Amino acid sequence: MINNRVRIAKDILWIFALSGLVAAIFRLFFGLGPTTNLTDGVPWGLWKVFNMIAGVALSTSGFTIGFLVYVLRLKQFKSFMKPAILIAFLGYGCSCLALLFDIGLPFRFWHPIFMWNINSFLFEVFACVLLYFTITSIELAPIILNGINAKKAAKLFHTVAFAAVIIGISLSSLHHSSLGSLFLVSPQRLHALWYTPRLPLFFIISAMAGGIFFIVFIKIIWSKIYNPAPVFGSAEEPSTTQLKSLNGSVCSIFSRRLPGPEMSDISKLATIGAGLLSIYFVLKIVDLFILGNISELITGSPESLLYIFELGIGVLLPIILIILPQTRKMPVPVGIAGFVASFGLVFNRLNVGIFGYSSDAGEIYLPSLSEWALGIGVIAAAGLVFMLLTEIFPIFNDRPAKTFVTNLFRKNFGSLQQTWNTVLSNSLNRISLLGVFILPLAFIFMYPPYKNIELSTIRPSTGLDAQRQVLQIDGDHQGFSTIFNHADHQKRLGDTSSCIQCHHVSLPGDRSTPCSRCHQHMYNSTKIFDHEKHKLAVTEDKQLNGLNPSNYSCVECHQTNCPKTTQSAKDCLECHRENMFLTNNSNVQLNSMFAVSFTDAMHLTCLECHKKEAVNLKNEHLDKCYTCHNSLKKDEYVNRTSP
Amino acid sequence: MSYGILVDTTKCTSCEECVMACAAEHQIDPQRAIKEKAINKDGLSAYRLSNIATISPGHFARKSCMHCLEPSCVSACLVGGITKSPEGPVIYDPEKCIGCRYCMIACPFHIPRYEWDKNTPLMVKCDMCFERISQGNIPACVDACPNGALKFGDRDTLLKEANSKIQNQPDLYLNHIWGEKEFGGTSVIYVSDVELSALGWPKTNPKSIPSLTEPLVHITPFIGMTVAVGLLGINWTIKRRMKLAAQNTPDKQVFNNEENSDD
């Protein structure tokens with residue numbers, strides 16, 4: 001029944017809207033880093049590209065229908081005007097709401113109103129969108145005011161309606177092309193398949209075509225939910241004359257029903273959209289030829305597949321569905337065409353704004369759960385407002401949709417089943433019930449991970465230095481350095497299992513502590529055991545376990561009734577077994593608490609092996625000083641006496 | 001007097017003293033500056049304003065803001081938060097920034113970084129130690145380099161010096177000064193013995209990015225006005241034709257009065 005469809009649609013939208021609310025709260029509390037998957041490599045993600053750029057592109061119906069009705073004076077599309085204005089208003093509204101969450105400092109959203117950079121396309125987009133949103137409010141006002149019987153106020157707005165439409169069309173064409181021009185700054189970074197000086201032109205044409213298909217889609221979906229008959233037709237069998245009127249081509253895959261009376265106008269609108277898409281398709285292919293990039297299409301690279309998918313599903317498929325007479329006049333195929341064309345438009349914006357930058361960024365971006373939740377959530381919220389307004393005001397079919405929906409709330413407490421149904425049919429009850437389940441789930445799944453880097457404790461080494469192929473070992477920065485090919489040694493000695501041969505002791509939590517951490521002085525041994533720190537650590541350990549720390553500290557490491565010396569102390573490995581690695585290097589005595597000098601450490605670690613290999617590989621140079629000490633100042637080593 | 005920095009990559013030993021001096025100058029914890037090298041592929045981040053990249057074994061080069069003469073980020077920032085100072089450095093005004101991150105899209109070298117982990121994040125990039133320069137000092141990185149790979153001075157003088165380096169040792173240096181002309185020229189110029197495309201330098205000599213976008217931005221309002229006038233023209237023409245057609249067929253009620261029809 002209609003009521004069920006309405007309820008189910010609203011339930012689904014509420015689920016997304018509530019999740020979006022949780023995501024919004026998280027974003028405001030925790031910032032962008034923990035809640036999104038945006039990085040320095042991919043600074044623009046779902047909210048900016050999908051919600052803002054693609055969102056306003058889909059909301060172009062306001063100006064395209066306005067152009068058809070008020071400028072070209074095509075009266076048959078008059079019934080689309082009110083829904084178009086509503087889509088434009090809500091579309092821009094929810095896009096700007098998502099944008100508010102996307103910018104790093106939402107409380108400074110008003111800055112561009114007073115701080116201008118007229119050289120920036122983004123400023124142009126901002127100014128135009130702001131003005132256009134005002135225009136859509138002016139266009140929407142008479143509808144709302146008439147609906148609440150404020151006729152005089154409605155008349156006031158009505159007088160400026162025509163001017164508003166003209167200004168709206170001009171502003172729209174400007175900012176949609178400017179949205180394309182935003183990406184003109186990246187000839188080096190945006191992939192060749194999408195970067196073109198004609199990008200603004202492609203954006204405006206695709207926006208117009210996509211906007212037309214979007215309102216076609218919305219009209220069909222809305223009719224399916226609220227009032228199917230005018231679009232989907234009645235349930236009676238069609239007569240032969242009626243069949244003939246469709247050129248005998250009722251598409252039997254989708255439906256045996258004849259479409260309703262409103263379908264012909266929808267088909268005509270979709271045809272206009274298909275015409276625009278065809279022009280767009282031809283222009284894009286020709287542009288690729290002009291730029292000499294047509295060969296990029298057949299490389300089989302991820303970008304080429306994305307491009308073919310975008311054009312195939314988003315442009316060619318709707319064109320085919322509209323060209324074929326069997327599908328053009330039937331609501332379901334046209335609805336599918338509307339959906340895929342809108343999807344194709346969104347996909348194009350994602351390609352230009354995100355995927356086209358992926359190979360330059362060197363990383364793949366996938367939105368986080370919070371990003372999806374807020375991104376879909378604001379659209380769901382707009383959808384709910386849309387449904388509410390169409391129910392109250394005469395937007396579609398010049399009647400409020402309330403008249404199609406029977407009384408949703410019927411009191412019937414006869415049995416448990418009936419009571420349950422009654423409770424559920426009250427929308428407030430349903431929303432609350434949804435909220436009770438959705439809000440905690442959303443909270444748990446989207447709670448941002450703690451991404452901050454802790455600086456106070458020693459963290460596991462990321463092997464950063466090992467990323468450098470070649471290390472310049474210059475312990476005291478005097479310019480006498482040794483070139484050490486770290487990657488080569490690592491490979492030769494057994495990859496990651498060989499780390500411990502040189503990094504013979506790693507500090508707790510480290511995988512390969514740098515030499516200089518313990519061997520801190522160039523020529524002298526250094527004490528590496530911090531007695532005070534260990535005393536404190538042992539004491540704290542006891543406190544954490546709820547024990548009285550006062551008598552324990554010394555005995556933990558030193559045997560009782562003995563003088564507290566290094567000899568009476570425990571072996572380090574007894575406590576640090578998990579995180580200290582020991583090599584077979586016999587020169588290492590861990591209990592000595594001292595680390596030899598930097599020079600001795602380097603020589604002791606390297607020379608043994610080099611001497612052995614000099615014999616094995618019959619390479620007499622391998623154990624000579626100059627093999628390693630090969631920096632520019634090497635001659636001075638030959639003459640230098642040891643300190 | 002427009003200042004610049006001359007980077008001689010043949011003298012760089014990857015000691016990263018410049019990186020640590022930069023961190024100290026911007027009050028970043030040195031341990032954090034070291035760890036941040038792993039965050040991004042090119043080693044730059046909000047807590048690491050410059051990085052030494054390994055071009056090939058034994059050859060290193062500093063990557064940091066190039067301080068272009070016609071910066072793309074300056075043209076892109078919608079609130080005018082980034083400006084090219086007459087002294088040379090490209091500087092950022094944290095008071096204006098709204099966090100749109102368009103500058104990060106616009107820079108061809110991918111320099112601007114963002115403080116993702118903060119609740120009030122700002123954009124971060126090298127500012128050529130603008131405050132130190134204004135007081136007559138030299139940038140922290142130039143001051144810290146122990147091998148003389150970095151030199152600070154008037155850009156024209158540095159260009160002359162770069163040329164003389166190349167001429168004096170033609171076997172060592174490649175015959176190219178990076179930053180002389182690319183993207184309209186940059187204040188940070190390089191001489192090197194290896195190709196520097198790993199830092200983001202293009203193989204060609206592209207024009208500055210603002211020269212691609214700004215002419216288009218400036219004619220946009222006129223395009224808008226033309227569109228509006230055109231629409232009015234189309235509308236007037238069609239209405240006129242309808243009116244004439246109605247006059248020729250007075251007995252047919254073909255058209256309602258569109259102006260007063262309900263919205």
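The values are calculated or read from the model by the stated rules, or taken from the named source; none is laboratory data. Please read all numbers here as calculations on a predicted model, not as lab measurements. Note: ideal-geometry Cβ built from the backbone for every residue, glycine included; neighbour counts use all protein chains shown.
Tabulated values for the structure
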item: Residue in segment B:198-210 that is among the hydroxyl-bearing types (S, T, Y), in a helix (DSSP H, G or I), modelled with pLDDT under 95 and farther than 24 Å from B:T54 by Cα present; result: no
item: Of the criteria (1) modelled with pLDDT of 90 or more; (2) not assigned by TED's automatic domain parsing to the domain that holds B:C68, which one B:N256 fails; result: (1)
item: Residues that are within 25 Å of A:G362 (Cβ to Cβ), touching a residue at least 40 places away in the same chain (Cβ under 8 Å) and either at the interface with chain A (Cβ under 10 Å from one of its Cβ atoms) or outside any loop (DSSP other than H, G, I, E, B) (or both), drawn from segment B:164-197; result: B:F183, B:T186, B:V188, B:Y190
item: Members of segment B:227-245 that are small (G, A, S) and at the interface with chain A (Cβ under 10 Å from one of its Cβ atoms); result: B:A228, B:G230, B:G233
item: For B:G136: the one exception among (1) surrounded by fewer than 17 Cβ atoms within 10 Å (Cβ to Cβ); (2) closer than 21 Å to B:T9 by Cα; result: (2)
item: Looking only at segment B:205-226, and only at residues there that are more than 9 Å from chain A (Cβ to nearest Cβ) and in contact (Cβ under 8 Å) with a residue 12 or more places away in the chain, the one that is surrounded by the fewest Cβ atoms within 10 Å (Cβ to Cβ); result: B:N205
item: From A:F217, A:F203, residue being closer than 19 Å to A:K329 by Cβ and under 26 Å from the mean Cα position of the chain (by Cα); result: A:F217
item: Failed item in (1) of a type in the set (G, A, S); (2) under 36 Å from the mean Cα position of the chain (by Cα); (3) more than 10 Å from chain B (Cβ to nearest Cβ), with A:G104 passing the rest; result: (3)
item: Tabulated pairs, segment A:417-445, first within 19 Å of A:A23 (Cα to Cα), second among the polar types (S, T, N, Q), C-beta under 7 angstrom, 6+ apart or interchain; result: A:I438/A:S19; A:A442/A:S19
item: Failed item, numbered, when A:S359 is tested on (1) crowded, with 20+ Cβ neighbours inside 10 Å; (2) among the hydroxyl-bearing types (S, T, Y); (3) modelled with pLDDT under 95; result: (1)
item: Answer from A:D11, A:D40 - the residue that is within 8 Å of chain B (Cβ to nearest Cβ) and of a type in the set (D, E); result: A:D40
item: Breaking point among (1) more than 10 Å from every other protein chain (Cβ to nearest Cβ); (2) surrounded by 20 or more Cβ atoms within 10 Å (Cβ to Cβ); (3) within 30 Å of B:P86 (Cβ to Cβ), for B:Q27; result: (2)
item: Residue list for segment B:41-54, filter: on the phi < 0 side of the Ramachandran plot, within 11 Å of another protein chain (Cβ to nearest Cβ) and in contact (Cβ under 8 Å) with a residue 12 or more places away in the chain; result: B:D42, B:L44, B:S45, B:A46, B:Y47, B:R48, B:I52, B:A53, B:T54
item: Residue ID - farthest from the other protein chains (Cβ to nearest Cβ), chosen from residues in segment B:113-133 that are aliphatic (A, V, I, L, M) and surrounded by 20 or more Cβ atoms within 10 Å (Cβ to Cβ); result: B:M128
item: Of all residues in segment A:193-230 being in a loop (DSSP other than H, G, I, E, B) and within 14 Å of chain B (Cβ to nearest Cβ), the one that is surrounded by the most Cβ atoms within 10 Å (Cβ to Cβ); result: A:W194
item: Single unsatisfied condition, A:R511 versus (1) over 23 Å from B:G58 (Cα atoms); (2) in contact with a His (Cβ under 9 Å, 6 or more places away or on another chain); (3) at pLDDT 70 or above; result: (3)
item: Residue under evaluation A:N149, criteria (1) in contact (Cβ under 8 Å) with a residue 60 or more places away in the chain; (2) outside the structural domain of A:E310 (by TED's automatic domain parsing), criterion not met; result: (1)
item: Residue in segment B:62-70 that is at pLDDT below 95 and of a type in the set (A, V, I, L, M) present; result: no
item: Odd one out for B:E70, checked against (1) more than 9 Å from chain A (Cβ to nearest Cβ); (2) surrounded by 20 or more Cβ atoms within 10 Å (Cβ to Cβ); (3) in contact with a helix residue (DSSP H, G or I) (Cβ under 8 Å, 6 or more places away or on another chain); result: (2)
item: Answer residue from segment B:155-180, given it is basic (K, R) and surrounded by 14 or more Cβ atoms within 10 Å (Cβ to Cβ) and is farthest from the chain's Cα centre (by Cα) among those; result: B:K165
item: Residue that is farthest from the other protein chains (Cβ to nearest Cβ), among those in segment A:144-169 that are closer than 30 Å to A:T196 by Cα and out of contact with any Leu (no Cβ under 7 Å at 6 or more places or on another chain); result: A:G168
item: Options A:F339, A:F393, A:F386, A:F347: the member that is within 14 Å of chain B (Cβ to nearest Cβ), hydrophobic (A, V, I, L, M, F, W, C) and closer than 19 Å to A:G91 by Cβ; result: A:F393
item: Matching residues in segment A:14-37 - criterion: being aliphatic (A, V, I, L, M) and facing another protein chain (nearest Cβ under 9 Å); result: A:L28, A:L32
item: Entirely in segment A:30-133, the helices (runs of 4 or more DSSP H) that have 1 or more residues that are more than 18 Å from A:R349 (Cβ to Cβ); result: A:32-35, A:61-66, A:81-102, A:111-114
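Yes/no per residue for (1) in contact with a Ser or Thr (Cβ under 7 Å, 6 or more places away or on another chain); (2) surrounded by fewer than 21 Cβ atoms within 10 Å (Cβ to Cβ):
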{"site": "A:P34", "(1), (2)": "no, yes"}
{"site": "A:I53", "(1), (2)": "no, no"}
{"site": "A:T60", "(1), (2)": "yes, no"}
{"site": "A:G91", "(1), (2)": "yes, no"}
